[in-house]
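> This structure is in C-alpha coordinates; I'll ask about it shortly.
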Amino acid sequence: MSLPVIDTPTFEMNLLSIKDPITYRPFLVKEEKLLLMAMEGGDQAEVIKCSKQIINNCCLSEGVSADKLPLFDLQMALLQIRSKSVGEIIDLTIGHLEGKNSNEEECDGRTKIQINLSDLNLTEHPDHSKHIKLTDTISIEMKYPTMDLYSRMDGANIDSGSTVEELFNVITDCINIIYSGEEVFSADDHSREEINDFVNSLSSDQFEKLKVFFQTMPALLHNIEFTCPKCNCQEKQTLNGLGDFFL
Ligand SMILES: [Zn+2]
(Lines give C-alpha, C1' and ligand atoms only; values in the text may rest on other atoms or scores of the structure.)
Protein backbone atom coordinates (compact mmCIF):
# COMPACT_ATOMS: atom_id res chain seq x y z
CA MET A 1 0.00 0.00 0.00
CA SER A 2 1.36 3.42 -0.88
CA LEU A 3 1.94 6.05 1.78
CA PRO A 4 -0.59 8.85 2.13
CA VAL A 5 -0.02 12.01 0.10
CA ILE A 6 -0.04 15.17 2.17
CA ASP A 7 -2.12 18.02 0.78
CA THR A 8 -0.34 21.36 0.74
CA PRO A 9 -2.41 24.47 1.45
CA THR A 10 -2.36 27.30 -1.07
CA PHE A 11 -2.30 31.07 -0.55
CA GLU A 12 -2.47 34.20 -2.68
CA MET A 13 -0.06 37.09 -3.02
CA ASN A 14 0.14 40.25 -5.10
CA LEU A 15 3.25 41.27 -6.98
CA LEU A 16 3.84 44.72 -8.45
CA SER A 17 4.68 43.51 -11.93
CA ILE A 18 1.79 41.07 -12.30
CA LYS A 19 -1.79 42.27 -12.48
CA ASP A 20 -3.67 39.33 -10.97
CA PRO A 21 -3.03 37.75 -7.57
CA ILE A 22 -0.76 34.71 -7.70
CA THR A 23 -1.63 31.41 -6.08
CA TYR A 24 1.28 29.74 -4.33
CA ARG A 25 2.05 26.91 -1.97
CA PRO A 26 4.62 26.87 0.86
CA PHE A 27 7.92 25.23 0.06
CA LEU A 28 8.39 21.64 1.08
CA VAL A 29 11.13 20.23 3.26
CA LYS A 30 13.11 19.06 0.23
CA GLU A 31 13.03 22.59 -1.19
CA GLU A 32 13.96 24.22 2.10
CA LYS A 33 16.88 21.83 2.37
CA LEU A 34 18.15 22.87 -1.06
CA LEU A 35 17.92 26.55 -0.14
CA LEU A 36 19.69 26.08 3.19
CA MET A 37 22.44 24.08 1.56
CA ALA A 38 22.95 26.73 -1.11
CA MET A 39 23.16 29.41 1.57
CA GLU A 40 25.60 27.45 3.69
CA GLY A 41 27.80 27.04 0.64
CA GLY A 42 27.79 30.82 0.28
CA ASP A 43 27.90 30.61 -3.51
CA GLN A 44 25.71 33.44 -4.77
CA ALA A 45 25.03 31.79 -8.12
CA GLU A 46 23.75 28.65 -6.34
CA VAL A 47 21.49 30.71 -4.05
CA ILE A 48 20.03 32.54 -7.06
CA LYS A 49 19.48 29.30 -8.96
CA CYS A 50 17.82 27.71 -5.96
CA SER A 51 15.63 30.75 -5.20
CA LYS A 52 14.37 30.78 -8.76
CA GLN A 53 13.67 27.07 -8.64
CA ILE A 54 11.59 27.47 -5.47
CA ILE A 55 9.56 30.30 -6.98
CA ASN A 56 8.89 28.32 -10.14
CA ASN A 57 7.90 25.26 -8.08
CA CYS A 58 5.71 27.08 -5.57
CA CYS A 59 3.92 29.66 -7.73
CA LEU A 60 1.02 27.74 -9.14
CA SER A 61 -0.55 30.45 -11.31
CA GLU A 62 0.09 30.28 -15.03
CA GLY A 63 2.68 32.53 -16.55
CA VAL A 64 4.83 33.23 -13.49
CA SER A 65 8.48 32.74 -14.36
CA ALA A 66 11.27 33.58 -11.95
CA ASP A 67 13.49 34.45 -14.91
CA LYS A 68 11.18 37.24 -15.96
CA LEU A 69 10.27 38.73 -12.58
CA PRO A 70 11.91 42.00 -11.60
CA LEU A 71 14.36 41.48 -8.77
CA PHE A 72 12.13 43.25 -6.21
CA ASP A 73 9.14 41.02 -7.02
CA LEU A 74 11.30 37.94 -6.89
CA GLN A 75 12.49 38.94 -3.43
CA MET A 76 8.96 39.63 -2.23
CA ALA A 77 7.71 36.34 -3.66
CA LEU A 78 10.44 34.38 -1.92
CA LEU A 79 9.83 36.13 1.41
CA GLN A 80 6.10 35.49 1.22
CA ILE A 81 6.59 31.85 0.34
CA ARG A 82 9.06 31.54 3.20
CA SER A 83 6.72 33.17 5.69
CA LYS A 84 4.02 30.61 4.91
CA SER A 85 6.56 27.78 4.93
CA VAL A 86 8.69 28.24 8.04
CA GLY A 87 7.04 31.21 9.74
CA GLU A 88 6.91 34.98 9.63
CA ILE A 89 9.77 35.58 12.03
CA ILE A 90 13.37 35.55 10.83
CA ASP A 91 16.20 35.46 13.35
CA LEU A 92 19.24 37.37 12.22
CA THR A 93 22.62 38.01 13.77
CA ILE A 94 23.85 41.46 12.90
CA GLY A 95 27.23 43.11 13.40
CA HIS A 96 28.58 46.61 12.84
CA LEU A 97 29.14 47.61 9.24
CA GLU A 98 32.74 46.83 8.31
CA GLY A 99 33.48 45.90 11.91
CA LYS A 100 33.32 49.51 13.17
CA ASN A 101 30.65 50.98 15.43
CA SER A 102 29.13 54.42 14.85
CA ASN A 103 31.88 55.96 17.02
CA GLU A 104 34.39 54.61 14.49
CA GLU A 105 35.76 52.13 17.06
CA GLU A 106 36.49 48.58 16.01
CA CYS A 107 34.06 46.09 17.53
CA ASP A 108 33.20 42.57 16.49
CA GLY A 109 30.08 42.42 18.70
CA ARG A 110 27.10 40.60 17.22
CA THR A 111 23.45 41.22 18.04
CA LYS A 112 20.53 38.88 17.60
CA ILE A 113 17.46 40.54 16.13
CA GLN A 114 14.15 39.31 14.86
CA ILE A 115 12.32 40.53 11.80
CA ASN A 116 8.68 39.95 11.09
CA LEU A 117 8.27 39.26 7.40
CA SER A 118 4.80 40.77 7.42
CA ASP A 119 6.44 44.14 8.26
CA LEU A 120 8.40 44.14 5.02
CA ASN A 121 7.19 46.22 2.11
CA LEU A 122 8.56 47.41 -1.16
CA THR A 123 9.69 51.01 -0.92
CA GLU A 124 8.12 52.94 -3.75
CA HIS A 125 9.40 56.32 -4.80
CA PRO A 126 6.53 58.77 -5.51
CA ASP A 127 8.20 60.24 -8.63
CA HIS A 128 9.14 56.92 -10.14
CA SER A 129 7.95 56.20 -13.65
CA LYS A 130 8.71 53.55 -16.25
CA HIS A 131 8.03 56.12 -18.91
CA ILE A 132 10.89 58.54 -19.56
CA LYS A 133 10.57 61.56 -21.79
CA LEU A 134 13.84 62.28 -23.57
CA THR A 135 12.80 65.03 -26.00
CA ASP A 136 9.49 66.55 -27.07
CA THR A 137 8.98 63.68 -29.50
CA ILE A 138 11.09 60.79 -28.19
CA SER A 139 10.39 58.80 -25.07
CA ILE A 140 11.23 55.38 -23.67
CA GLU A 141 9.40 52.76 -21.69
CA MET A 142 11.76 50.87 -19.40
CA LYS A 143 11.45 47.39 -17.93
CA TYR A 144 12.82 46.32 -14.57
CA PRO A 145 16.07 44.37 -14.23
CA THR A 146 15.71 40.70 -13.39
CA MET A 147 17.81 38.82 -10.87
CA ASP A 148 20.03 37.45 -13.64
CA LEU A 149 20.82 40.93 -14.81
CA TYR A 150 21.76 41.94 -11.28
CA SER A 151 24.02 38.97 -10.83
CA ARG A 152 25.77 39.78 -14.10
CA MET A 153 26.45 43.23 -12.69
CA ASP A 154 28.41 41.36 -10.05
CA GLY A 155 27.30 43.45 -7.13
CA ALA A 156 27.89 46.66 -9.04
CA ASN A 157 25.98 49.64 -7.77
CA ILE A 158 24.06 51.79 -10.19
CA ASP A 159 24.82 54.89 -8.11
CA SER A 160 28.54 54.75 -7.83
CA GLY A 161 30.36 51.48 -8.10
CA SER A 162 29.43 50.38 -11.58
CA THR A 163 31.74 50.86 -14.47
CA VAL A 164 30.39 52.86 -17.36
CA GLU A 165 30.27 49.73 -19.45
CA GLU A 166 28.19 47.81 -16.91
CA LEU A 167 25.81 50.71 -16.60
CA PHE A 168 25.42 50.86 -20.37
CA ASN A 169 24.74 47.14 -20.53
CA VAL A 170 22.07 47.29 -17.86
CA ILE A 171 20.38 50.27 -19.44
CA THR A 172 20.45 48.63 -22.85
CA ASP A 173 18.90 45.47 -21.39
CA CYS A 174 16.14 47.40 -19.66
CA ILE A 175 14.88 49.46 -22.59
CA ASN A 176 11.54 48.01 -23.54
CA ILE A 177 9.93 50.37 -26.05
CA ILE A 178 11.14 53.52 -27.81
CA TYR A 179 8.52 56.01 -28.97
CA SER A 180 9.33 58.55 -31.66
CA GLY A 181 6.34 60.71 -32.57
CA GLU A 182 3.75 58.25 -33.85
CA GLU A 183 6.25 55.44 -34.30
CA VAL A 184 6.71 52.64 -31.77
CA PHE A 185 9.88 50.53 -31.66
CA SER A 186 9.87 47.42 -29.51
CA ALA A 187 13.34 46.51 -28.25
CA ASP A 188 12.59 42.85 -29.04
CA ASP A 189 12.52 43.68 -32.75
CA HIS A 190 15.94 45.28 -32.74
CA SER A 191 19.45 43.98 -32.21
CA ARG A 192 21.40 44.73 -29.07
CA GLU A 193 23.83 46.68 -31.20
CA GLU A 194 21.08 48.97 -32.48
CA ILE A 195 19.83 49.64 -28.95
CA ASN A 196 23.41 50.23 -27.84
CA ASP A 197 23.86 52.80 -30.62
CA PHE A 198 20.68 54.48 -29.48
CA VAL A 199 21.89 54.67 -25.86
CA ASN A 200 25.24 55.99 -27.06
CA SER A 201 23.52 58.78 -28.94
CA LEU A 202 21.88 60.18 -25.78
CA SER A 203 23.04 63.43 -24.21
CA SER A 204 24.35 63.34 -20.63
CA ASP A 205 21.10 64.88 -19.38
CA GLN A 206 19.06 62.20 -21.04
CA PHE A 207 21.35 59.49 -19.74
CA GLU A 208 20.89 60.87 -16.21
CA LYS A 209 17.12 60.50 -16.59
CA LEU A 210 17.61 56.82 -17.32
CA LYS A 211 19.78 56.43 -14.24
CA VAL A 212 17.04 57.99 -12.11
CA PHE A 213 14.74 55.17 -13.21
CA PHE A 214 17.04 52.68 -11.48
CA GLN A 215 17.69 54.85 -8.44
CA THR A 216 13.96 55.27 -7.75
CA MET A 217 12.57 51.85 -8.69
CA PRO A 218 10.85 49.79 -5.98
CA ALA A 219 13.22 48.12 -3.56
CA LEU A 220 12.99 45.81 -0.61
CA LEU A 221 14.49 47.89 2.18
CA HIS A 222 14.01 47.54 5.91
CA ASN A 223 15.39 49.87 8.56
CA ILE A 224 16.54 48.32 11.81
CA GLU A 225 17.95 49.69 15.07
CA PHE A 226 19.88 47.75 17.65
CA THR A 227 22.25 48.20 20.55
CA CYS A 228 25.47 46.23 20.37
CA PRO A 229 25.82 44.08 23.53
CA LYS A 230 29.61 44.43 23.47
CA CYS A 231 30.20 48.19 23.06
CA ASN A 232 26.67 49.44 23.87
CA CYS A 233 26.65 51.51 20.72
CA GLN A 234 23.28 52.21 19.13
CA GLU A 235 23.23 51.41 15.45
CA LYS A 236 20.88 52.04 12.57
CA GLN A 237 21.16 49.94 9.45
CA THR A 238 19.13 49.33 6.33
CA LEU A 239 18.66 45.76 5.25
CA ASN A 240 18.46 45.40 1.54
CA GLY A 241 17.62 42.34 -0.45
CA LEU A 242 17.56 38.62 0.00
CA GLY A 243 21.11 38.19 1.22
CA ASP A 244 20.45 40.45 4.19
CA PHE A 245 17.25 38.68 5.13
CA PHE A 246 18.34 35.12 4.71
CA LEU A 247 22.06 34.81 5.27
ZN1 LIG B 1 29.84 46.78 19.23
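The values are calculated or read from the model by the stated rules, or taken from the named source; none is laboratory data. None of these values were measured; they are calculated from a predicted model. Don't worry about glycine lacking a Cβ; one is built from the backbone with ideal geometry, like all the others, and counts go over all protein chains shown.
> For the stretch 80-90, indicate whether the set of residues that are acidic (Asp, Glu) and part of a strand (DSSP E or B) is non-empty.
Within the stretch 80-90 (the criterion being acidic (Asp, Glu) and part of a strand (DSSP E or B)), the answer is no, since none of the residues qualifies.
> Same structure, new question: Of all residues in the stretch 167-214, which are under 14 Å from residue 143 (Cα atoms) and either exposed (fewer than 13 other Cβ atoms within 10 Å of the Cβ) or among the charged types (D, E, K, R) (or both)?
173, 186, 188, 211
> Look through the stretch 97-109, keep the residues that are in contact (Cβ under 8 Å) with a residue 40 or more places away in the chain and of a type outside the set (Gly, Ala, Ser), and return whichever of them is farthest from the ligand (Cβ to nearest atom).
Selected residue: 97.
> Next question. For residues in the stretch 196-244 being touching a strand residue (DSSP E or B) at 6+ places or on another chain (Cβ under 6 Å) and within 18 Å of residue 133 (Cα to Cα), which is farthest from the ligand (Cβ to nearest atom)?
209
> Taking residue 75 as the residue in question, decide whether it is crowded, with 16+ Cβ neighbours inside 10 Å and either assigned to a strand (DSSP E or B) or assigned by TED's automatic domain parsing to the domain that holds residue 19 (or both).
yes
> When both residues are 6+ apart or on different chains and their Cβ atoms are under 6 Å apart, which pairs have a first residue that lies in the stretch 195-212 and is within 12 Å of residue 175 (Cβ to Cβ) and in a helix (DSSP H, G or I), and a second that is at pLDDT 90 or above and of a type in the set (S, T, N, Q)?
Once the first residue is within 12 Å of residue 175 (Cβ to Cβ) and in a helix (DSSP H, G or I) and sits in the stretch 195-212, its partners that are at pLDDT 90 or above and of a type in the set (S, T, N, Q) give 195/172; 196/172; 199/172.
> Collect the residues in the stretch 1-27 that are at pLDDT 85 or above and more than 23 Å from the chain's Cα centre (by Cα), keeping them in residue-number order.
Our first condition is that a residue be at pLDDT 85 or above; within the stretch 1-27, this holds for 2-3, 8-27.
Answer for the stretch 1-27, where residues must be at pLDDT 85 or above and more than 23 Å from the chain's Cα centre (by Cα): 2, 3, 8, 9, 10.
> Which of the following residues is in a strand (DSSP E or B), more than 16 Å from the ligand (Cβ to nearest atom) and surrounded by 16 or more Cβ atoms within 10 Å (Cβ to Cβ): 94, 115?
Unique residue meeting the criteria: 115.
> Just checking, does the stretch 174-194 include any residue being basic (Lys, Arg), more than 16 Å from the ligand (Cβ to nearest atom) and closer than 28 Å to residue 76 by Cα? Give the derivation first.
Let us first name the residues in the stretch 174-194 that are basic (Lys, Arg), namely 192.
Still in the list and also more than 16 Å from the ligand (Cβ to nearest atom): 192.
Pick out the ones that are also closer than 28 Å to residue 76 by Cα and you get none.
So far as the stretch 174-194 goes, no, none of its residues is basic (Lys, Arg), more than 16 Å from the ligand (Cβ to nearest atom) and closer than 28 Å to residue 76 by Cα.
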